[in-house]
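The values are calculated or read from the model by the stated rules, or taken from the named source; none is laboratory data. Quick caveat, the model's predicted, so the values are computed rather than measured. Virtual Cβ from ideal backbone geometry, glycine too; neighbours counted across all protein chains shown.
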Amino acid sequence: MTGLIASGSALAQVQQITAPPIDYAAIAPLLIVLGGACVSVLAEAFLPRYQRWPVQVALTLVVLAAAGIALGLYAGGAPAGITTLADALAVDRPTLFLWGTLLALGLGSVLLIADRSVEPGGAFIATAAARAAVGGGAAGGPVEGPEDRSYGLPDEAPTMQTEVFPFALFALGGMMAFLAANDLLTMFIALEVLSLPLYLMCGLARRRRLLSQEAAVKYFLLGAFASAFFLYGLALIYGYAGTVRLTGIAQAAVGSNRSDALLFGGLALLVVGLLFKGSVAPFHTWTPDVYQGAPTPVTAFMAACTKVAAFGAILRVLHVAFGDTRWEWRGVLWAVAIISMVIGAVLGLTQTDMKRMIAYSSIAHAGFLLLGAMAITEQGVSATLFYLLAYGFTTVAVFGVISLVRDADGEATHLSQWAGLAKRSPLTAGVMTFLLLALAGIPLTSGFTAKFAVFSAALADGMAPLVVIALVASAIAAFFYLRVIVLMYFSEPAPDGPTVTVPGAFTTAAITLGVLVTLLLGIVPTLALNWAGGATFVG
Amino acid sequence: MLLLVLLVLPLVGALVVAPLKGDARTAKLVAIGVALAELALTVVVWASYSVADAAAGDRFQLEFGVDWIPAFGTRFALGIDGIALVMIALTALLVPIVMLFSWEEKLPEGRSASGFFALILATEALLVGVFAATDVFLFYVFFEAMLVPMYFLIGRFGGPRRQYAAVKFFLYSLLGGLVMLASVIGLFVVSGERLPAGGTFSWAELQRIAADVPESTQIWLFLGFFLAFAIKAPLVPFHTWLPDAGAEAPVGAGVLLVGVLDKVGTFGFLRYCLPLFPAASKALAPLVLTLGVIGILYGALLAVGQTDLKRFVSYTSIAHFGFIALGIFAFSTQSFAGSALYMVNHGLSTGMLFIVVGLVIARGGSRLISDYGGVHKLAPLLAGMFLVAGLSSLALPGTNSFVSEFLVLVGSFPREPAFTILATVGIIFAALYVLWVYQRTMQGPVRGSAVLAALGRGSGDGPGTMLDPAVAAQRGGAAGFPDLSKREIGVLTPLVVLILVLGFFPGPVLEVLEPSVAATLTEVGLTDPVGGMSR
């Protein structure tokens, strides 16, 4: 009887479903970015080809600026953290901070993507697959096919393919939703929204097309696996907790006498999916190939923004859903962090390609980030947030500089081609040196402040051995950054070495932004630290 | 405020000088002008420092502080005690001398003098910061940042194996620095547990709670700092970077490197290791003393066996650093004062030795000892200067080093007789290595391939194998083996004067040092074994 009544009332509740209240002000940045992406798709479909580039660039920049303003207006009121959209999204301090970080990094990356002066006609091509088949080839020399001209007026230089802009906006929107997701299903959908455009963007390179497409396929296949892991983990956790809401999982995990196998099995699979996105070893194998193969502006976007999104989500999952069970899983993540730092630092030593080297550096940095993410304290959160901000800007600028050093065959990414760069182009070499010192964590750069914040959070939370390992890994990693500096300054340039392209306004702006932020966060980080400070999750 | 100016002035100078690529003369003039202004400012600072106040318990003077990163509990706080003052004075004194010495330095092809002088000024600024910081975080920042200009000085302007030496120098120091970072963070965490206001990096605050920290924790934190300072100082067995860096560095940078930069290590022992980790310092003193004495004997033995003049100077330094470490970890005011004075004296005498050796190499074009002989007949003044620097280095009474070495040994004996006796043996070695090199290169008939080649009396096989290509190209054929020029006399005169003055009247410097070393001894929680310092 009671069962019948209960199901009857449940039925009545089902019939009374009302639309959940939505806090539009809070999620305005996300809506603007996703809306802008849709408009961008329409523009791509209906505008004549020669108008697309200026329209898309302007549209993307306006969308990012508008989202930034909306975010600033909302965050300016110092709002308490809320959940909205039927608790699907949590807009709290970490979300707002990382949204701001993502928008700023997105702006920097879009500037790099939009540049057409470094690579004549832009770094992107549409029908790359077809052209690779007829002979664009692995060598990837410029092939002037008939399609090249058709993207501009007949008497103009070939213009670039512009579908990369809606891709970038969709990916950015997905990232923003990903790190704000308050339940695992939303998180999974956001994961797909951010991943699919990224797979496509990787394969768009105008030069070295086979490499680019290989990168795209690898990224797609491995990414699909990772998504499947994530989904399976989600299913196991749902089986354990009966809910996909992060707070619900936390409640279920405390004081339940159900078998923990489902919970931790689920957590393990879930975390594999997340660590893959964050390129944490041992789930990093795609990183070097994809970083190398993707067009450099896209690499910048991926390296900076994906890292932010992935670690935003890792922070939220670990802190909100699994904060109380930290003693159960921490040992495993200790091992993962050590592996990541060691693999990143040691294998980075053996690289001979700039982009691959930075990829391994990003793996090592992912290990450092994990240290902060594992410290389930307020200090841990704010340190990780700050690290993401600092690392993102440095990385965007690094890839901006890499895109400038070119020879007749496109970008000259082999290390030996950077020999003696200081003599040819002291400014570029100086900027690169500064950025590499920041990646190495030398004081007076943002890299040092960030490392300091993360390591002190980790040490305060009882991870002293891990901090020592991290410092040794930093010292090892410093060697390969140093090697580039040695090459640039102390070696004689090769007679037929690459030249440094004079960057266009967009690339200059992106690099300047990155360098300035790297410097300011190193010398006067207080403002950013205050923004990142006191960050607690709601859920 | 005075200290802030002292810190910022060379930095601004570096920024002004660096872009003057086309106009080397202006760059040099501006740079040396800034360095002289810095020296004048240091005189003002010295005059403003009150020994009486220091004796009355005023640990740091001329303090300046603003909040820097409140989230980390760190302040941009500067202040000096007697030891820091003396070290800053040594830096400010050596920099113009180094600049004057490097005035006509033959830089490797394609390198501009403006870069060289700007980097020297940047090094000077960061050194002032290292000595004047009273916030541990700030100290760490300067300590690490100091690497960068020195790295470029060695790597861009050094000898044939400069890349190897520069990277080795950087990695050794960075590794030590990063381990120290772990301890710096650890200090913050430890202080957060003991102070109601949360963690701090303020040296004074940390010193106040130092005694409450359990010994086991202190030992871990001590080891982090110790490793960084032992690499920097360098103590055996962390010394292997110094001979390479010293040999490949351009002479000017080498003088700064062994003269001042390495003193940051021993300064760090006195300022950070001892007062912040008193229990650990006492517990681990036997270890450090052992390393120090090994350094004295081993460094001296290797110095005897060197074939390369610049490496020879580096190894004598390693021996001297052993004495300084001995004095610091023997815990008495006499030995502390001796060590602090030794830091200055070593900067002067080894700096001068390095310069003289640099002058010899510039004439002969070879770094090998065996390529020289009978230089005294050709360049008596140069040989005389070599002798003065060498005698000061072996601590002949009447020279500055004698006072400090004597103080170290006298101060160390009551507490550590065995180590002191062993260290005394090092003095004999010192006489051996200095005089033997002097005899081989300066005395006897004119001989040696480098000297003969310089005179155009080539012995067929030309100058030695270690001929610096840049020097050889510049020198061309027979340039002779001239005696000191007026500029070179100008470079060496202040050093000779100071070596003799400090040898006979060390009082003024000791007076400045005395209150600070006495305070350090109190901070360690010990009293003098034989009573106060006797002057």
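Go through the stretch B:152-174 and give me each residue that's within 8 Å of chain A (Cβ to nearest Cβ) and within 14 Å of B:Ala122 (Cβ to Cβ). So that I can check it myself, show each step before the final result.
If we filter the stretch B:152-174 for residues that are within 8 Å of chain A (Cβ to nearest Cβ), which is where we start, we get B:152, B:155-156, B:162-163, B:166-167, B:170-171, B:174.
Answer for the stretch B:152-174, where residues must be within 8 Å of chain A (Cβ to nearest Cβ) and within 14 Å of B:Ala122 (Cβ to Cβ): B:Phe152, B:Arg156.
Would you call B:Leu261 more than 23 Å from B:Val524 (Cβ to Cβ), surrounded by 18 or more Cβ atoms within 10 Å (Cβ to Cβ) and touching a Pro at 6+ places or on another chain (Cβ under 6 Å)? Step through it out loud before you land on a result.
Values: more than 23 Å from B:Val524 (Cβ to Cβ): yes; surrounded by 18 or more Cβ atoms within 10 Å (Cβ to Cβ): yes; touching a Pro at 6+ places or on another chain (Cβ under 6 Å): no.
So B:Leu261 fails the test.
Tell me, yes or no, whether the stretch A:489-499 has at least one residue that is crowded, with 20+ Cβ neighbours inside 10 Å, within 14 Å of another protein chain (Cβ to nearest Cβ) and of a type outside the set (S, T, N, Q).
There is at least one residue in the stretch A:489-499 that is crowded, with 20+ Cβ neighbours inside 10 Å, within 14 Å of another protein chain (Cβ to nearest Cβ) and of a type outside the set (S, T, N, Q).
Are any residues in the stretch A:420-438 surrounded by 24 or more Cβ atoms within 10 Å (Cβ to Cβ) and more than 9 Å from chain B (Cβ to nearest Cβ), and if so, which ones?
A:Leu421, A:Met432, A:Leu435, A:Leu436, A:Ala438
Name the residue that is nearest to B:Leu171 (Cα to Cα), counting only residues in the stretch B:192-246 that are in a helix (DSSP H, G or I) and of a type in the set (Phe, Trp, Tyr). Talk me through it step by step, then tell me what you get.
Our first condition is that a residue be in a helix (DSSP H, G or I); within the stretch B:192-246, this holds for B:192-194, B:203-212, B:215-232, B:241-246.
If we keep only those that are of a type in the set (Phe, Trp, Tyr) as well, we get B:203, B:220, B:222, B:225-226, B:229, B:241.
Values: B:Trp203: 27, B:Trp220: 22, B:Phe222: 21, B:Phe225: 16, B:Phe226: 17, B:Phe229: 14, B:Trp241: 9 Å.
Result: B:Trp241.
Please enumerate the residues belonging to the stretch A:243-293 that are at positive phi and under 16 Å from the mean Cα position of the chain (by Cα). Before you say what the answer is, go through the steps one by one.
Residues of the stretch A:243-293 at positive phi: A:255, A:279.
The one that is at positive phi and under 16 Å from the mean Cα position of the chain (by Cα): A:Ser279.
Can you tell me which of B:Glu248, B:Glu215 is buried (at least 22 other Cβ atoms within 10 Å of the Cβ), acidic (Asp, Glu) and either in contact with a helix residue (DSSP H, G or I) (Cβ under 6 Å, 6 or more places away or on another chain) or closer than 15 Å to B:Thr350 by Cβ (or both)? Steps first, answer last, please.
Working: B:Glu215 fails: buried (at least 22 other Cβ atoms within 10 Å of the Cβ).
Matching residue, one of B:Glu248, B:Glu215: B:Glu248.
One residue is enough: does the stretch B:240-254 have a residue meeting the conditions farther than 30 Å from B:Val491 by Cα and out of contact with any strand residue (DSSP E or B) (no Cβ under 7 Å at 6 or more places or on another chain)? Give the steps one after another, and end with the answer.
Narrowing the stretch B:240-254 to residues farther than 30 Å from B:Val491 by Cα: none.
No.
Conditions (1) within 14 Å of chain A (Cβ to nearest Cβ); (2) over 26 Å from B:Leu270 (Cα atoms); (3) surrounded by fewer than 19 Cβ atoms within 10 Å (Cβ to Cβ), marked per residue:
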position	(1), (2), (3)
B:Ser48	no, no, yes
B:Val66	yes, no, yes
B:Pro70	yes, yes, yes
B:Ala84	no, no, no
B:Ala92	no, no, no
B:Ile97	no, yes, no
B:Arg111	yes, yes, yes
B:Ala118	yes, yes, no
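Inside the stretch B:120-151, can you point out the residues that are among the β-branched types (Val, Ile, Thr), away from every other protein chain (no Cβ under 11 Å) and part of a helix (DSSP H, G or I)?
Those that are among the β-branched types (Val, Ile, Thr), away from every other protein chain (no Cβ under 11 Å) and part of a helix (DSSP H, G or I): B:Ile120, B:Thr123, B:Val128, B:Val130, B:Val136.
Among the residues in the stretch B:184-204, are any in contact (Cβ under 8 Å) with a residue 12 or more places away in the chain, β-branched (Val, Ile, Thr) and more than 17 Å from A:Ala464 (Cβ to Cβ)?
Among the residues of the stretch B:184-204, at least one is in contact (Cβ under 8 Å) with a residue 12 or more places away in the chain, β-branched (Val, Ile, Thr) and more than 17 Å from A:Ala464 (Cβ to Cβ), which makes the answer yes.
Does A:Ser446 fit the bill of being touching a Gly at 6+ places or on another chain (Cβ under 7 Å) and among the hydroxyl-bearing types (Ser, Thr, Tyr)?
Details: touching a Gly at 6+ places or on another chain (Cβ under 7 Å): yes; among the hydroxyl-bearing types (Ser, Thr, Tyr): yes.
Spelling it out, A:Ser446 is indeed touching a Gly at 6+ places or on another chain (Cβ under 7 Å) and among the hydroxyl-bearing types (Ser, Thr, Tyr).
Among residues belonging to the stretch B:195-207 that are more than 27 Å from B:Leu261 (Cβ to Cβ) and crowded, with 16+ Cβ neighbours inside 10 Å, point out the one that is farthest from the other protein chains (Cβ to nearest Cβ). Steps first, please.
Keep residues of the stretch B:195-207 that are more than 27 Å from B:Leu261 (Cβ to Cβ), which gives B:195-200, B:205.
Filter again for crowded, with 16+ Cβ neighbours inside 10 Å, leaving B:195, B:199-200, B:205.
Details: B:Leu195: 14, B:Gly199: 8, B:Thr200: 13, B:Glu205: 17 Å.
The qualifying residue farthest from the other protein chains (Cβ to nearest Cβ) is B:Glu205.
Tell me the residue from B:Ala245, B:Ala283 that is touching a Phe, Trp or Tyr at 6+ places or on another chain (Cβ under 8 Å), on the phi < 0 side of the Ramachandran plot and not hydroxyl-bearing (Ser, Thr, Tyr), please.
On the way: B:Ala283 fails: touching a Phe, Trp or Tyr at 6+ places or on another chain (Cβ under 8 Å).
The conditions single out B:Ala245.
Which condition number does B:Ala233 fail, the rest of (1) at pLDDT 90 or above; (2) crowded, with 22+ Cβ neighbours inside 10 Å; (3) within 23 Å of B:Val357 (Cβ to Cβ) being met?
In the conditions (1) at pLDDT 90 or above; (2) crowded, with 22+ Cβ neighbours inside 10 Å; (3) within 23 Å of B:Val357 (Cβ to Cβ), B:Ala233 misses (1) alone.
Here's the yes/no breakdown for (1) surrounded by 18 or more Cβ atoms within 10 Å (Cβ to Cβ); (2) in a helix (DSSP H, G or I); (3) among the acidic types (Asp, Glu):
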site: A:Phe225; (1), (2), (3): no, yes, no
site: A:Thr247; (1), (2), (3): yes, yes, no
site: A:Arg258; (1), (2), (3): no, no, no
site: A:Gly266; (1), (2), (3): yes, yes, no
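Would you kindly identify the helices (runs of 4 or more DSSP H) lying entirely within the stretch B:2-105 that contain at least 1 residues that are among the polar types (S, T, N, Q)?
Numbers: elements: B:2-17, B:24-48, B:51-55, B:82-101.
Fully inside the stretch B:2-105 and qualifying: B:24-48, B:82-101.
Does the stretch A:375-382 contain at least one residue that is in contact with a Phe, Trp or Tyr (Cβ under 8 Å, 6 or more places away or on another chain), among the β-branched types (Val, Ile, Thr) and farther than 19 Å from A:Gly100 by Cβ?
no
May I ask you to list the residues in the stretch A:316-343 that are touching a Ser or Thr at 6+ places or on another chain (Cβ under 7 Å) and modelled with pLDDT of 95 or more? Give the steps one after another, and end with the answer.
Within the stretch A:316-343, the first condition is being touching a Ser or Thr at 6+ places or on another chain (Cβ under 7 Å), and the residues that meet it are A:320.
Listed by number, the list is empty, since nothing qualifies.
Which one is nearest to the other protein chains (Cβ to nearest Cβ) among residues in the stretch A:445-469 that are closer than 11 Å to A:Phe386 by Cα and among the aliphatic types (A, V, I, L, M)?
Out of the qualifying residues, it is A:Ala453.
Does the stretch A:386-394 include one or more residues that are in contact (Cβ under 8 Å) with a residue 12 or more places away in the chain, within 12 Å of chain B (Cβ to nearest Cβ) and touching a Phe, Trp or Tyr at 6+ places or on another chain (Cβ under 9 Å)?
The initial filter retains those residues of the stretch A:386-394 that are in contact (Cβ under 8 Å) with a residue 12 or more places away in the chain, namely A:386-394.
With within 12 Å of chain B (Cβ to nearest Cβ) added as a condition, the list becomes A:386.
Checking which are touching a Phe, Trp or Tyr at 6+ places or on another chain (Cβ under 9 Å) leaves us with A:386.
Yes.
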